[in-house]
Structure formats: C-alpha cells, structure tokens
1. Quick check on the stretch 39-71: of everything there that is in a loop (DSSP other than H, G, I, E, B) and β-branched (Val, Ile, Thr), which residue is surrounded by the fewest Cβ atoms within 10 Å (Cβ to Cβ)?
2. Which of the residues that make up the stretch 95-129 are within 17 Å of Asn78 (Cα to Cα), in a strand (DSSP E or B) and free of Cβ contacts under 8 Å to residues at least 40 places away in the same chain?
3. So which residues in the stretch 142-168 are in contact with a Ser or Thr (Cβ under 8 Å, 6 or more places away or on another chain) and either in contact (Cβ under 8 Å) with a residue 60 or more places away in the chain or within 30 Å of Ile119 (Cβ to Cβ) (or both)?
4. Please identify the pairs in which a residue from the stretch 212-227 that is surrounded by fewer than 18 Cβ atoms within 10 Å (Cβ to Cβ) has its Cβ atom under 7 Å from the Cβ atom of a residue that is among the basic types (Lys, Arg), counting only partners at least 6 apart or on another chain.
Amino acid sequence: MKNITIHIILLVAAIFVFNTVIAQDNHDQSWYAEKIVGKRFSNDNFFRGSQYIINDWTKGTLLFENGEKVSGLDIRYNSFLDQLIYFNPIVSVEILIDKNTITGFTFDYKSKNYTYKKIFFPNFPKGIRYFEVIYDGFVDVLCYRKTTLLTCPIYKSISGSEKNQEFSRSFRFYIYLPEKGFVATKMRRGALLSNYSNNDKKEIRKLLRKKNITISNEYDFGSALKVIESAGFNMNL
C-alpha cells in the first residue's frame, strides 16, 4: 500500500511538471506572436521546383529593428518573394513577416549557421532586400539568392493543372561597404585579387598558397578574404 501511494505521488508530480513546461512554452510562443508583425501567408504557387532556399522549416532567430531578438522560431526564406515566413504553432498558420520590423535573421541547417541581413539595394530594381552574409569583415561579401519563374515545356502540377513555368534559382554576389555600396563580383580567386594593388597581389598569392586556400565556392571566397584581411591587406574599392 505504501509503494502504491509513493507511485501515485510521483505520477502526480510528473504530470504537474509536464503541464508547467507546456504552459511555459505556450507563454513563450504567445510572447513571440506579440512581437512578430506580419500577415497570414497562403502558398498557392504550385509550380515545379522550389520557391524556398531550404524547403524544411529551420530553427532561427529574428533580429528586430529595436535591437531585440527572438530565437527558436520555425522559419524559412522564400527567395521568390524575398520574404521571410514564420510558422506560428499556436494557431498553426504561416506568417509573412513585415520586412520593416526586422534587420535580419539567422538559422541553422545541417550543422551550419546562415545569416541574412536587410539592406537597401540602389541599383535596378531598387528596394530593400535580404542578402546572405558570406563574410562579415572590413568589407562584407553578400549573396542575393533569387528564385524566378522561367518558361518550360507544359507539365501537370501537384494541383492537377497544366503549367508552363517552373522555379529557377540564381545567385548574385557582391562586395559591400556602406560608404562605397555594392560591387558585383564572382567567386573566383582572380575576381578577389582584382580588388588589390599589383604590389599586394603577389604577396596575397603567396599567402593563399601558404594557407593552402583554394576558391571553389562563396564560402572559400569568404575564408580567403578573412585570411587576407587578417594579414593587413586592404582592398582598393
């Protein structure tokens, strides 16, 4: 009888702790919902391909204009609309976040952290865009990941209707300084070296060989620039 009483007490305690945790989580989620400004998002683009950089919901952090931040949110970046989508688990809806309320966002995917920053782009077409920050240093290396609709042979979409367009991704890379603006670049060693004086190029080549750095993608480009800046070389922009 004594053992039964102890088991009942432990069960009641466990239920109390579980309900407390759930209540706390709901409280936190409600607080998130109050902070996030946006409108309900309904995805009606049933074209072949993906309009998202990453299809899966990822755990991310929002950086607000007032300096606050909120972490642990389910978000994904829609590169067709250049908009960030948040999944609200309380009401089970997707929210298109008002771009005017945040300065950027970060998220983790497959053990890698990605950072996006909101910046005004002065060239055509002008407007505020989200750029992935490849490298954040004396100069920034940014990537604008854009999804567009291209014409293709007719096919049946998942909605059953016939379509003649599909999503296609494109990437544009920039070296960025707030006082200088955007300088288009390619993720190649030659493009990186072209930003330095002739006297510096020779030394930078030696440095990259010494560090065994080759550039085959944007993240290699960022790693190379970090080494170059750490050695005291400055770009001529």
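1. The qualifying residue surrounded by the fewest Cβ atoms within 10 Å (Cβ to Cβ) is Ile54.
2. Answer for the stretch 95-129, where residues must be within 17 Å of Asn78 (Cα to Cα), in a strand (DSSP E or B) and free of Cβ contacts under 8 Å to residues at least 40 places away in the same chain: Tyr114, Thr115, Tyr116, Lys117, Lys118, Gly127, Ile128.
3. Residues satisfying the conditions are Arg145, Lys146, Thr147, Thr148, Leu149, Leu150, Lys163, Gln165, Phe167, Ser168.
4. As it stands, the answer is Val227/Lys211, since those pairs meet every condition given.
Here is a yes/no grid of residues against (1) surrounded by 12 or more Cβ atoms within 10 Å (Cβ to Cβ); (2) closer than 27 Å to Asp44 by Cα; (3) modelled with pLDDT of 95 or more; (4) touching a Gly at 6+ places or on another chain (Cβ under 9 Å):
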| residue | (1), (2), (3), (4) |
| --- | --- |
| Ile128 | no, yes, yes, no |
| Val141 | yes, no, yes, yes |
| Ser159 | no, yes, no, no |
| Gly181 | yes, no, no, no |
| Ala184 | no, no, yes, no |
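The values are calculated or read from the model by the stated rules, or taken from the named source; none is laboratory data. As the structure is a prediction and not an experimental result, all values here were calculated from the model. Every residue, glycine as well, gets a Cβ built from its backbone with ideal geometry; the counts of neighbours run over all protein chains shown.
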